[in-house]
Amino acid sequence: RLFDLDPDLLPFFQYNCKQFASPQECLSAPEFLDHIRKVMLVIDAAVSHLENLSCLEEYLCNLGKKHQAIGVKVESFSTVGESLLYMLEKCLGNAFSPDVREAWSKLYGAVVKAMQRGWETLPEGD
(Lines give C-alpha, C1' and ligand atoms only; values in the text may rest on other atoms or scores of the structure.)
Protein backbone atom coordinates (compact mmCIF):
# COMPACT_ATOMS: atom_id res chain seq x y z
CA ARG A 1 0.00 0.00 0.00
CA LEU A 2 2.87 2.37 0.81
CA PHE A 3 4.19 2.51 -2.75
CA ASP A 4 0.69 2.73 -4.19
CA LEU A 5 0.15 5.88 -2.13
CA ASP A 6 3.58 7.38 -2.82
CA PRO A 7 5.83 5.70 -5.42
CA ASP A 8 8.47 8.38 -4.75
CA LEU A 9 9.30 6.63 -1.47
CA LEU A 10 10.82 3.64 -3.27
CA PRO A 11 14.33 5.17 -3.61
CA PHE A 12 14.58 5.48 0.18
CA PHE A 13 14.56 1.70 0.43
CA GLN A 14 17.87 0.76 -1.08
CA TYR A 15 20.17 -1.67 0.61
CA ASN A 16 23.85 -2.22 -0.12
CA CYS A 17 23.60 0.55 -2.74
CA LYS A 18 21.06 -1.51 -4.71
CA GLN A 19 18.25 0.52 -6.24
CA PHE A 20 15.04 -1.46 -6.71
CA ALA A 21 13.51 -1.39 -10.18
CA SER A 22 9.97 -1.85 -8.91
CA PRO A 23 7.93 -1.84 -5.70
CA GLN A 24 7.44 -5.60 -6.10
CA GLU A 25 11.21 -6.15 -6.12
CA CYS A 26 11.56 -4.06 -2.97
CA LEU A 27 8.64 -5.76 -1.22
CA SER A 28 10.25 -9.18 -1.68
CA ALA A 29 13.73 -8.12 -0.51
CA PRO A 30 14.77 -9.59 2.85
CA GLU A 31 16.20 -6.21 3.86
CA PHE A 32 12.88 -4.49 3.28
CA LEU A 33 11.06 -7.16 5.27
CA ASP A 34 13.58 -6.63 8.07
CA HIS A 35 12.85 -2.89 7.95
CA ILE A 36 9.12 -3.61 8.25
CA ARG A 37 9.83 -5.82 11.30
CA LYS A 38 11.72 -2.91 12.87
CA VAL A 39 8.82 -0.55 12.19
CA MET A 40 6.46 -3.00 13.84
CA LEU A 41 8.82 -3.32 16.83
CA VAL A 42 8.59 0.46 17.29
CA ILE A 43 4.80 0.26 17.10
CA ASP A 44 4.85 -2.64 19.58
CA ALA A 45 7.05 -0.62 21.96
CA ALA A 46 4.64 2.30 21.73
CA VAL A 47 1.68 0.04 22.51
CA SER A 48 3.59 -1.56 25.40
CA HIS A 49 4.42 1.87 26.83
CA LEU A 50 1.09 3.47 26.07
CA GLU A 51 0.77 4.90 29.56
CA ASN A 52 4.32 6.32 29.47
CA LEU A 53 5.33 7.12 25.90
CA SER A 54 7.80 9.69 27.21
CA CYS A 55 10.17 6.85 28.10
CA LEU A 56 10.59 6.29 24.33
CA GLU A 57 11.18 9.98 23.58
CA GLU A 58 14.97 9.89 23.19
CA TYR A 59 14.89 6.70 21.11
CA LEU A 60 12.19 8.07 18.79
CA CYS A 61 13.94 11.44 18.46
CA ASN A 62 17.14 9.65 17.42
CA LEU A 63 15.16 7.50 15.01
CA GLY A 64 13.82 10.70 13.50
CA LYS A 65 17.37 12.05 13.11
CA LYS A 66 18.39 8.87 11.27
CA HIS A 67 15.48 9.23 8.87
CA GLN A 68 16.26 12.90 8.31
CA ALA A 69 19.90 12.05 7.56
CA ILE A 70 18.88 9.93 4.58
CA GLY A 71 16.50 12.58 3.27
CA VAL A 72 13.14 11.34 4.49
CA LYS A 73 10.62 14.15 4.86
CA VAL A 74 8.38 14.32 7.92
CA GLU A 75 5.40 14.40 5.56
CA SER A 76 6.26 10.88 4.38
CA PHE A 77 5.20 9.53 7.75
CA SER A 78 1.60 10.46 6.92
CA THR A 79 1.76 7.98 4.06
CA VAL A 80 3.23 5.35 6.35
CA GLY A 81 0.41 6.04 8.81
CA GLU A 82 -2.20 5.65 6.07
CA SER A 83 -0.61 2.33 5.12
CA LEU A 84 -0.64 1.18 8.74
CA LEU A 85 -4.32 2.05 9.14
CA TYR A 86 -5.13 0.32 5.85
CA MET A 87 -3.35 -2.85 7.02
CA LEU A 88 -5.14 -2.77 10.38
CA GLU A 89 -8.50 -2.30 8.67
CA LYS A 90 -7.85 -5.23 6.33
CA CYS A 91 -6.68 -7.49 9.17
CA LEU A 92 -9.29 -6.53 11.76
CA GLY A 93 -12.30 -6.26 9.48
CA ASN A 94 -15.44 -5.23 11.39
CA ALA A 95 -13.45 -4.94 14.62
CA PHE A 96 -11.74 -1.89 13.11
CA SER A 97 -14.36 0.51 14.40
CA PRO A 98 -14.11 4.31 14.23
CA ASP A 99 -12.93 4.30 17.87
CA VAL A 100 -10.20 1.75 17.11
CA ARG A 101 -9.14 3.80 14.09
CA GLU A 102 -8.95 6.94 16.21
CA ALA A 103 -6.92 5.19 18.92
CA TRP A 104 -4.40 3.87 16.38
CA SER A 105 -4.22 7.27 14.69
CA LYS A 106 -3.48 8.96 18.01
CA LEU A 107 -0.82 6.42 18.92
CA TYR A 108 0.87 6.66 15.53
CA GLY A 109 0.63 10.47 15.67
CA ALA A 110 2.39 10.49 19.05
CA VAL A 111 5.20 8.30 17.67
CA VAL A 112 5.64 10.57 14.65
CA LYS A 113 5.56 13.69 16.82
CA ALA A 114 8.40 12.29 18.94
CA MET A 115 10.35 11.31 15.82
CA GLN A 116 9.75 14.77 14.36
CA ARG A 117 11.70 16.26 17.24
CA GLY A 118 14.74 14.66 15.57
CA TRP A 119 14.25 17.04 12.66
CA GLU A 120 13.91 19.98 15.03
CA THR A 121 17.01 19.19 17.08
CA LEU A 122 20.14 20.79 15.70
CA PRO A 123 23.44 18.91 15.99
CA GLU A 124 25.73 20.15 18.74
CA GLY A 125 27.88 23.07 17.69
CA ASP A 126 25.29 24.53 15.30
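Accessible surface computed residue by residue for the range 1-125, with neighbouring protein chains in place and a 1.4 Å probe, gives 66 Å² per residue. Each peptide in 4-15, 106-117, 37-48 gets a packing score, the mean of other Cβ atoms within 10 Å over its residues, and the list from highest to lowest is 106-117, 4-15, 37-48. Here the 3J(HN,Hα) profile of the range 11-28, calculated from phi with Karplus coefficients 6.51, -1.76 and 1.60 at θ = phi - 60°, is x, 6, 9, 10, 10, 6, 6, 8, 8, 7, 7, 8, x, 4, 5, 5, 4, 9 Hz, Gly and Pro shown as x. Backbone phi angles across the range 60-74, fed through the Karplus curve with coefficients 6.51, -1.76 and 1.60 (θ = phi - 60°), yield HN-Hα couplings of 5, 4, 5, 5, x, 4, 5, 5, 5, 4, 9, x, 5, 8, 3 Hz in residue order; Gly and Pro are listed as x.
Can you spot the lysines whose alpha carbon is less than 26 Å from Lys73's alpha carbon? Ignore those fewer than 8 places along the same chain. Answer for Lys73, where 26 Å is the Cα cut-off: Lys18, Lys38, Lys65, Lys106, Lys113, listed by chain and number. Taking GluC sites (Glu not before Pro) in DSSP loop states with no more than 14 other Cβ atoms inside 10 Å as exposed sites, the chain has its longest site-free stretch at 1-74. In order along the range 91-96, the phi-based Karplus estimate (6.51 cos²θ - 1.76 cosθ + 1.60, θ = phi - 60°) of 3J(HN,Hα) comes to 6, 8, x, 5, 6, 8 Hz; Gly and Pro are listed as x.
The values are calculated or read from the model by the stated rules, or taken from the named source; none is laboratory data. What you are looking at is a predicted structure, and each value in this text was computed from that prediction instead of being measured. As a convention, Cβ positions derive from the backbone with ideal geometry for all residues, glycine included, and neighbour counts pool all protein chains shown. When the accessible area is computed, the model is the full protein with side chains, heavy atoms only, and any ligands, DNA or RNA have been set aside. Shrake-Rupley method; radii C 1.70, N 1.55, O 1.52, S 1.80 Å.
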